[in-house]
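What follows is a short report on a single structure.
The values are calculated or read from the model by the stated rules, or taken from the named source; none is laboratory data. As the structure is a prediction and not an experimental result, all values here were calculated from the model. Glycine gets a Cβ as well: all are built from the backbone with ideal geometry, and neighbour counts include every protein chain shown. With ligands, DNA and RNA removed, areas are computed over all heavy atoms of the protein, side chains included. Shrake-Rupley method; radii C 1.70, N 1.55, O 1.52, S 1.80 Å.
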Amino acid sequence: MELRHFRYFAAVAEHLNYSEASRRLHVAQPAISQTILDLEEEVGAQLFTRSNRKVQLTAAGAVLLAEVQGILERAEGAKRATQRAARGEVGVLRIGFIAPAAAPILPPLVQTFRRQYPEVELQLHHMNPDAQFAAFEEGGLDLGLSRPLLSEQRPYFEEEMIYSDYLVAVLPPRHPLAKESKIQLQKLASEPFVLFHRIGAPGLFDEVVALCGRAGFSPNVQHETDLMTTVFLLVESGLGVSLAPSCAQGLEQQKTIRRPLTVQSNTLCLCAIRPRGSKSPTAEAFLEILRAQIPGIRKEVAAACGVGAGRQGER
C-alpha cells in the first residue's frame with residue numbers, strides 16, 4: 001500500500017462518487033477505479049458497494065477510512081515538519097563560543113534568534129578554540145564563534161569574519177599610568193603581567209608577547225589564568241597589569257582601567273566557523289541574523305578600541 005492508494009480511497013469515500021473524486025484529484029477515473037480494486041485486494045475486504053445509482057462505504061471501508069484519515073494527516077504533518085526543519089525553523093542549534101570575545105555580541109543575537117525561531121532548541125557552550133574543533137570532530141557543534149582558522153584547518157572549515165579587535169592596556173584602578181589617555185608600552189616593561197593562559201588562546205597570548213617584543217622587552221608574566229574575568233580580578237587586586245582585547249568583558253562591578261596603546265597590535269578577529277559544506281539549516285538561519293547585525297557590531301567594536309569603523313573589515 002502506498003499513500004497514493006489512501007488518497008484515492010479517501011477522495012472516493014468523501015464524495016461517494018468516482019467521477020467527482022477523479023475531478024478533484026485530476027486523475028483519470030479508470031486509474032482511480034483500478035487503484036481501489038488493488039487496495040481491496042491488498043486488505044482482503046470490499047471497501048465500497050457499487051451500483052449504477054450510488055457508491056457506499058462498507059463496514060470494512062468505514063474502519064479503513066478512519067485509519068487512512070489519520071495516516072494522511074500524519075503524512076502531511078511530516079511533510080510540513082520536514083519543510084520547517086529545512087528552513088531552520090525547528091531542530092537543534094549547538095554553538096560553541098569564546099566567552100570574553102563573544103560576550104558583547106551574543107546576547108542580542110540570541111534574543112533575535114529566539115524571537116524568530118522559538119521552536120529551535122538552542123544549546124550554547126563556552127569553549128576555547130581547541131575545544132570547539134574537538135567538538136566539531138565529534139559532531140557535537142553546528143557553529144563556532146572563535147579565532148581565525150589556521151592554514152591547516154582551512155580545507156576542512158569555512159569562516160566569516162565578525163569583527164576585528166585590538167589589544168588595550170588593563171591597569172589597576174590607582175596605577176600611576178591610569179591618568180594617561182594612551183599608554184606607551186615600554187612603560188609597562190618593569191610591571192608584572194597577568195595573562196589569559198596560552199593553552200586557552202594561543203593566538204592572543206602570542207600576540208601579547210610579540211607586541212611587547214616589538215617594544216623591546218619580554219613581559220614578566222607572573223600569573224596565567226584560565227578565565228578572562230580572573231585576569232581582570234587579579235589586575236584590579238594590584239597583582240599586575242595586562243594586555244587584553246578591548247571587547248573582553250569582566251564582571252560587571254570590576255574597576256580595572258583600560259587604556260589604548262600608542263602602538264597598535266595586530267588584529268584579533270572573532271569569526272563564525274563551521275565545517276566546510278555544512279548543511280545545518282538552523283546554523284544558516286543564525287548566520288543570516290548575524291550577517292544583518294555585523295555592521296552595527298563592527299561600529300561598536302571600533303568605538304570601544306578607538307579605531308575607525310572602516311578598519312573593521314580588514315583582516
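What 222 nm value per residue comes from the helices of the chain, counting each DSSP H run with n ≥ 4 as -39,500 (n - 2.57) and dividing by all residues, nearest 500 deg cm²/dmol? Can you show the working numbers first?
Numbers: 10 runs with 135 residues, N = 315.
It comes out at -13500 deg cm²/dmol, rounded to the nearest 500.
Counting Lys +1, Arg +1, Asp -1, Glu -1, what net charge surrounds LEU64 among other residues with beta carbon under 12 Å of its beta carbon?
On the way: positive: none; negative: GLU40, GLU42, GLU67.
Result for the local shell: -3.
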Cβ under 12 Å from ILE273's Cβ, ILE273 left aside: what net charge do those residues give with Lys, Arg +1 and Asp, Glu -1? 0
Degrees separating the helix 59-86 axis from the principal Cα axis of the chain, which is the longest one: 20
So, in nm, how far is label GLN69 from label GLN293 when the simple model puts each one 7 Å beyond its Cα toward the Cβ? 4.6
Nearest-0.05 FRET efficiency for ARG84 and GLU300 at R0 = 35 Å, using Cβ-Cβ distance, is 0.55
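If we count every other residue with Cβ under 12 angstrom of ALA101's Cβ, Lys/Arg +1 and Asp/Glu -1, where does the sum land? Present the calculation step by step, with values, prior to reporting the outcome.
Working: positive: ARG147; negative: ASP165.
Value of the local net charge: 0.
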Selected from ASP38, ASP130, ASP165 as most flexible by GNM, with the chain as the system and alpha-carbon contacts under 10 Å: ASP38
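When N counts the residues of the stretch 68-137, how does its alpha-carbon radius of gyration compare numerically with 2.2 N^0.38 Å, as a ratio?
Values: Rg = 16.8 Å, N = 70, 2.2 N^0.38 = 11.1 Å.
After normalising by residue count via 2.2 N^0.38 Å, the value is 1.52.
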Max mean-square fluctuation residue, GNM over the chain, Cα-Cα springs under 10 Å, options ARG87, ARG214, ARG24: ARG24
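First measure r as the distance between the Cβ atoms of GLN56 and GLU2, then evaluate 1/(1 + (r/R0)^6) with R0 = 35 Å and state the FRET efficiency to the nearest 0.05. Walk me through the numbers on the way to the answer.
On the way: r = 25 Å, r/R0 = 0.71.
Given R0 = 35 Å and the Cβ-Cβ separation, E is 0.90.
Averaged per residue, what accessible surface does the stretch 1-144 expose to a 1.4 Å probe, in Å²? List each step's numbers first, then the result.
Working: 8240 Å² over 144 residues.
Accessible surface, normalised per residue, equals 57 Å².
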Candidate aspartates and glutamates - alpha carbon under 15 Å from LYS279, same-chain residues fewer than 8 apart omitted: GLU89, ASP142, GLU158, GLU159, GLU288
Have a look at VAL43, VAL231, VAL209 and tell me which one the Gaussian network model of the chain (Cα, springs below 10 Å) gives the largest fluctuation. VAL43
The stretch 1-84 - Rg (one decimal) and Dmax (whole number), Cα, Å: 13.1, 46
Determine, at each q value in 0.24 (inverse angstroms), the log₁₀ of I(q)/I(0) that the Debye formula gives when each Cα of the stretch 128-215 is one equal point scatterer. -1.31
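Please tell me the relative contact order of the stretch 162-236 in percent, rounded to the nearest whole number, where contacts are Cα pairs under 8 Å and at least six residues apart. Kindly include the intermediate steps, with their values, before the conclusion.
Numbers: 72 pairs, mean separation 27.9, N = 75.
Computed over the stretch 162-236, the figure is 37 percent.
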Sites GLN123 and ASP38, calculated FRET efficiency, Cβ-Cβ separation with R0 41 Å, nearest 0.05: 0.30
Helix 3-15 against the longest principal axis of the chain: what's the angle in degrees, Cα atoms only, rounded to the nearest 10? 60
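Using Cα pairs closer than 8 Å and at least 6 residues apart in sequence, work out the relative contact order for the chain, in percent.
Details: 495 pairs, mean separation 66.4, N = 315.
Across the chain, relative contact order equals 21 percent.
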How many nm is it between the label spots at GLU160 and THR229, if each spot is 7 Å from the Cα in line with the beta carbon? 3.0
Using only the alpha carbons of the stretch 39-197, determine the length spanned along each of the three principal axes and report them from longest to shortest in whole angstroms. 104, 34, 20
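For the stretch 6-115, what is the relative contact order in percent, using Cα pairs closer than 8 Å and at least 6 residues apart in sequence?
Working: 62 pairs, mean separation 21.4, N = 110.
Answer for the stretch 6-115 is 19 percent.
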Report, in whole Å, the centroid distance computed from the Cα atoms of the stretch 8-26 and the stretch 32-77. 11
Bridge orientation stat for the stretch 21-131 from DSSP, antiparallel percent rounded to 5, came to 30
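In whole Å and largest first, what semi-axes does the C-alpha gyration tensor of the stretch 192-296 yield when each eigenvalue is scaled by 5 and square-rooted? Each step should come with its number before you reach the end.
Working: eigenvalues 192, 56, 40 Å².
Largest first, the stretch 192-296 gives 31, 17, 14 Å.
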So, for the Cα atoms of the chain, Rg and Dmax in Å stand at 31.7, 106
What angle, in degrees between 0 and 90 and rounded to the nearest 10, separates the Cα long axis of helix 29-43 from the longest principal axis of the Cα atoms of the chain? 80
